[in-house]
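Participant: What follows is a structure written as structure tokens; I'll ask about it next.
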Ligand SMILES: *Cc1c(COP(=O)(O)O)cnc(C)c1O
């Protein structure tokens, strides 16, 4: 590489991360990386939310092309920074909140209740009251919650705005613990005093990223909308939740080569002590569902077009059905709109080998700080060597480990090739961690402090206020 501060690091079978311009600019400035770490500690989460508006616009434009009005409500649980709330609001987007704290912070930042949906899986009385006062839509999960919200709304001037979370009863859709079937809702609605409630929408959120499954449930929601409207409910929208796909890798061949290689990896060279990464069938060179598809197509806009062009319940497409009913389509993307918004930097702590001679690089961080529910974060880190780093080792292949005292805990489970060795003072950069990877499972176990979050502001990199509110 021409730039002496960026040194080689890739998987033994490489999985090269897609990057944004701002990431390359920062990675090219090793002094800036080093000073962010010395100022804020290791690891440090770096956020630049400028790609958010572009990612959301891809969805909105695809919907508009099909004559559909799309409301985008960014899933806050995917990143806790208050900078995300500001960026979403500046881009004219709404927010999907999953707790009282998430809701309160949005309201404190001036987000209008009208631009918020509350999808918390469990809702306290305080959350319900604040949502009703703010005029936010509450997505109802079950009949006990319907009762709680009806009670909280009774005697108020403004009614509670609610959406009904639909658990599909279509056999093509896997069972879910969220929401109720349409029949269950119809029964529940008949049993409560609905005076203080306005049923404004149908909501669903599916596991996985299948466009076909969204089409099936959208059809179900469209038919149910007609029945609810006939029953006098003022339905305005169908909210299809999140799970809109994105791709972390640019080269599909790397993805297939990696899985083929792992399926054939008899010498257990590619992963930590031969970890299969969820690959169960020895003949299958495909990842399991416990693993995020780091490469996939179609994504975002094209994926949404496929959904909207699919046959609907009348003569035309899903898009035609929505338009004919004057229904707004809403979605709650997290990961796919945070694509390109985050990066995590960590300092090298040590180099060593295990008692059976496997080379290790220790980082000042722990695994929960780049982790999601996927079995591993499958992107090669980038490697930065500041001018004042120590003397690099000879080149070697090894693994990244972190601060937790657990034998099997690694930062990444793939073997990495350090073609320029590793020096003390080197910096590992985990790319595109803004969606879930930096926050969803982060833990302060061992009383190690949580990572600081810095966000690009007008005057450069500034600490996000979320670290001051907790
Ligand atoms: C997690 C979640 C989302 C966001 O999902 P992504 O996969 O990040 O798009 C949206 N809505 C609900 C109800 C969720 O639970």
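Read the figures in this text as sums done on the coordinates, not as results from a lab. As the structure is a computational prediction, the values presented were derived from the model and not from experiment. Don't worry about glycine lacking a Cβ; one is built from the backbone with ideal geometry, like all the others, and counts go over all protein chains shown.
Participant: Given contacts defined as C-alpha pairs under 8 Å and at least six residues apart, what's the relative contact order of the chain, whole-number percent?
Facilitator: This gives 24 percent for the chain.
Participant: Rounded to the nearest 0.05, what FRET efficiency do residue 424 and residue 357 give with R0 = 30 Å and r taken as the Cβ-Cβ distance? Could you check?
Facilitator: 0.90
Participant: Also: What is the fewest-to-most order of 383, 461 by other Cβ atoms lying within 10 Å of their Cβ?
Facilitator: Ascending Cβ contact count within 10 Å gives the list 461, 383.
Participant: Convex hull volume of the Cα atoms in the stretch 419-470, per residue, in Å³?
Facilitator: In the stretch 419-470, the Cα convex hull volume per residue is 165 Å³.
Participant: Something else now. Need the full-extension length gain, residue 264 to residue 157, defined as separation in residues times 0.36 nm minus the C-alpha distance. One decimal, nm.
Facilitator: Fully extending the segment from residue 264 to residue 157 adds 31.9 nm.
Participant: Same structure again: Compactness ratio of the stretch 44-192: Cα Rg over 2.2 N^0.38 Å, N = residue count?
Facilitator: 1.14
Participant: I've got another one for you. Compute the distribution of all C-alpha to C-alpha distances in the chain, in bins of 20 Å from 0, and list the percent of pairs in each, rounded to whole numbers.
Facilitator: Taking every Cα pair in the chain, the percentages come to 23, 51, 23, 2.
Participant: A further question on this structure: Taking a temperature of 10 °C and a viscosity of 1.306 mPa s, what whole-number D in µm²/s does Stokes-Einstein yield for the stretch 199-328 with Rh from Kirkwood over alpha carbon pairs?
Facilitator: Approximately 92 µm²/s, per Stokes-Einstein.
Participant: May I ask you to give the average projected area over all directions of the convex hull of the Cα atoms of the stretch 7-50, in nm² rounded to one decimal?
Facilitator: 4.0
Participant: Quick one: length gained pulling residue 22 to residue 251 fully straight, 0.36 nm per residue minus the C-alpha distance?
Facilitator: Extending this stretch completely gives an extra 80.4 nm.
Participant: In degrees, nearest 10, range 0 to 90: what is the angle between the Cα axis of helix 30-40 and the longest Cα principal axis of the chain?
Facilitator: 60
Participant: Let me ask something else about it. To the nearest 10 degrees, how steep is helix 252-263 against the longest Cα principal axis of the chain, on a 0 to 90 scale?
Facilitator: On a 0 to 90 degree scale, this one is about 70.
Participant: How high is the relative contact order of the stretch 116-273? Use alpha-carbon pairs under 8 Å, at least six apart in sequence, and give a whole percent.
Facilitator: Averaging sequence separation for qualifying contacts and normalising by length gives 18 percent for the stretch 116-273.
Participant: Ratio of the stretch 274-384's C-alpha Rg to 2.2 N^0.38 Å, to two decimals?
Facilitator: Against the empirical 2.2 N^0.38 Å value, I get 1.63 for the stretch 274-384.
Participant: Now, a different point. Quick one: if the Förster radius is 41 Å, what FRET efficiency do residue 126 and residue 54 give, using the C-beta to C-beta distance and rounding to 0.05?
Facilitator: 0.70
Participant: Nearest 10 degrees, 0 to 90: what angle lies between the long axis of helix 182-191 and the longest principal axis of the chain (Cα atoms)?
Facilitator: The helix 182-191 is inclined about 50 degrees to the chain.
Participant: Mind checking the full-extension length gain between residue 104 and residue 391? Use 0.36 nm per residue of separation minus the Cα-Cα distance, one decimal, nm.
Facilitator: Extending this stretch completely gives an extra 98.4 nm.
Participant: Using only Cα atoms, what Kirkwood radius does the stretch 338-470 have, in angstroms?
Facilitator: 15.8
Participant: Sticking with this one: Quote the relative contact order of the stretch 99-209 in percent (integer), defining contacts as alpha-carbon pairs under 8 Å separated by 6+ residues.
Facilitator: Relative CO of the stretch 99-209 lands at 24 percent.
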